[in-house]
Amino acid sequence: MTEPLTLENASDKHANRTDSLDPLDKAGLERLARQRPANFHNAFSEYGFVLSIILSMMMCEYFISGFNIVLPDVAEALNISDSERTWPAAVPNLTTATFLLPFARLCDLYGGRYIFLGGHIWSFIWSLAAGFSSSPTILIVCRAMQGIGFSAFLPAGLALLGHTYRPGPRKNFVYSMYGAFACIGFYFGILVGALAGQFLTWRWYFYIGTILIFLVIVTGLLTIPRDLGDHDESAVMDWWGLVTVVPGLVLVVYAFSDGGHAPGGWRTPYIYVTFIVGILFLCAFVYVEGWVAAQPLLPAEVFKPKYMRRLCAGLFCSYGIFGLYLFYSSYYVETILHTTPLQTAAWFIPLAGGGFFLAVAGGFVLHILSGRILMMVSAAGYLLCCLLFALLPVQSNDKPSTSFLYWAYVFPAMLAGTIGVDITFNVTNVYITTAMPRRLQATAGALINSLLYLGIAFWLGIGDLAIATSVRNAGEASLGLREQYQIAFWTGVGLSAVSFLFIVTVNFGRAEAQMTADEKSGLDGDESQR
């Protein structure tokens, strides 16, 4: 009888390896990478587990994309001024990015299942509360609290996937479905926002989202295994890291976001004081992580894999481009091209549909195509989506026609946007989680999502600052809304060039079946003892 292939005997087969795996070993790894993980006793248990994780990403995107559609109605109902509109949209990104690392450590302490479900329960409470908001302040607080829930279940979800799946085609497909449901959530948020804005009220956008989060909670309770062996009894919370990184990020992003609207701009005392104090906190965080903390929230080992530092810098810029594009394109089509909410939702279909196709297709080709080539295509998408909106001609007396503007500029921009963000998301998620050992999977998930949400929040602040500064210098009468939005798009164009310079130098290789980071480390350790 043929001996079943397991992690243990697969690792034993590598004991005599010298330089590279022989074809038999590679075939064994390929088989192992395609098998159902041992945690699941049948296909349905695995399907339910994966569904609960990918639905969590869907709901996170739902509450980010759709809010931009209902924001004009929200602003009118709650009397939110133009200078304050970026806060309800950006604050969930800020709080999500700020608390990702602390929650990643809580995943190590208590296991991903409890943090995953707890984050959804928290989001359920504050999403419901947001629907009852009666003032801008209450809405902003509720949105900020939503972000804290996202910061709990996002790294927990990626950690659960990272602990469960080996590098190879099965992992590629699961992570691609994770990205695909981000696209579904993105568009579903837009669609529900449009329907709520046109036929109901903006409050129903939050009520419907609350119901969907409840369904995710139930699915997770029933399907996520209780013990995946993903908690570390020796782990401790890095309290000094926590109390330095959280206020540091909040203060710096606040300074950039509000600096353009302060009475004296950046000369306003509370703006530059906030910025300086935030920088000091972040400097203290770097010192704590490098020289004080026994178990830092962001260990240096995370950046040990080759190219990791420049990849993180490129992703921080790339996700900022998408944040600028998403926020200002939705405003442009509604306020400059005067589309209805439902028409706006229809115009975003290529962004969602194309993203779903790319995400699913990626699961079948990531182990075949070069990651560097895919990322260069992604960089071109980032450039085009902002460039097309920046060059979109002014409409006068319905000339050029709205139909022409859509097919010549908006439609290709939507396709380019999804090429940019979805290829980047899938390729880098697989690359980063594969490069990390098992004990750092939660930290890897936190890092991935920190770059996403902090990049969006930070560069939205930069875009808003660029617009406010230009208006202040040129005068509000000289810069209409169209010209202001173009400033944001040109900011995205410049940022895409910076991102390309980082990304093009990273050799991603192919996401093929291979040993895990722990197995490679153990094998290297055995060889060093000979």
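Per-peptide packing, taken as the mean over residues of other Cβ atoms within 10 Å, places 50-56, 348-354 in the sequence 50-56, 348-354 from highest down.
Note on region 155-200 and region 37-80: Cα centroid distance 7 Å, given to the nearest whole angstrom.
Each label was represented as a point 7 Å from its Cα along the Cα-to-Cβ direction; for Thr201 and Phe132 these points are 1.3 nm apart. Take the Cβ atoms of Asp227 and Tyr270, set R0 to 45 Å, and the FRET efficiency comes out at 0.35.
Overall form of region 235-361: oblate. Here a/c, set by the Cα gyration tensor axes a ≥ b ≥ c, is 1.5 or more, and a/b is not larger than b/c. Here the Karplus curve 6.51 cos²θ - 1.76 cosθ + 1.60, taken at θ = phi - 60°, turns the phi angles of region 105-110 into couplings of 5, 5, 4, 5, 6, 10 Hz, with x standing for Gly and Pro. Each of Arg309 and Ala361 was given a label point 7 Å from its Cα along the Cα-to-Cβ line. The distance between the two points is 3.6 nm.
How fast does region 149-212 diffuse by Stokes-Einstein, in µm²/s, taking the Kirkwood radius from C-alpha pairs at 20 °C and 1.002 mPa s? Can you show the working numbers first?
Details: Rh = 13.8 Å.
Rounded to a whole number, D works out at 156 µm²/s.
Site pair Ser81 and Ser401 shows an inter-label distance of 4.2 nm when each label is modelled 7 Å from Cα along Cα→Cβ. Sorting His41, His338, His163, His120 on solvent-accessible area from highest to lowest, probe radius 1.4 Å, gives His41, His338, His163, His120. Taking a ≥ b ≥ c as the square roots of the Cα gyration tensor eigenvalues, with a/c under 1.5 meaning rounded and otherwise prolate when a/b beats b/c, else oblate, which class fits region 277-343? Note, shape of region 277-343 comes out prolate.
Looking only at region 447-491, which residues have a backbone nitrogen under 20 Å from a spot 7 Å from the Cα of Leu391 in the C-beta direction? Correct set: 482-491. The packing ranking, built from the mean of other Cβ atoms within 10 Å per residue, places the peptides 237-249, 89-101, 299-311 in the order 89-101, 237-249, 299-311, highest first.
The values are calculated or read from the model by the stated rules, or taken from the named source; none is laboratory data. All values reported here derive from a predicted model rather than from experimental measurement. Note that we place each Cβ from the backbone using ideal geometry, even for glycine, and neighbour counts take in every protein chain shown. Each accessible area value is taken on the protein alone, full model and side chains, heavy atoms only, with ligands, DNA and RNA left out. Shrake-Rupley method; radii C 1.70, N 1.55, O 1.52, S 1.80 Å.
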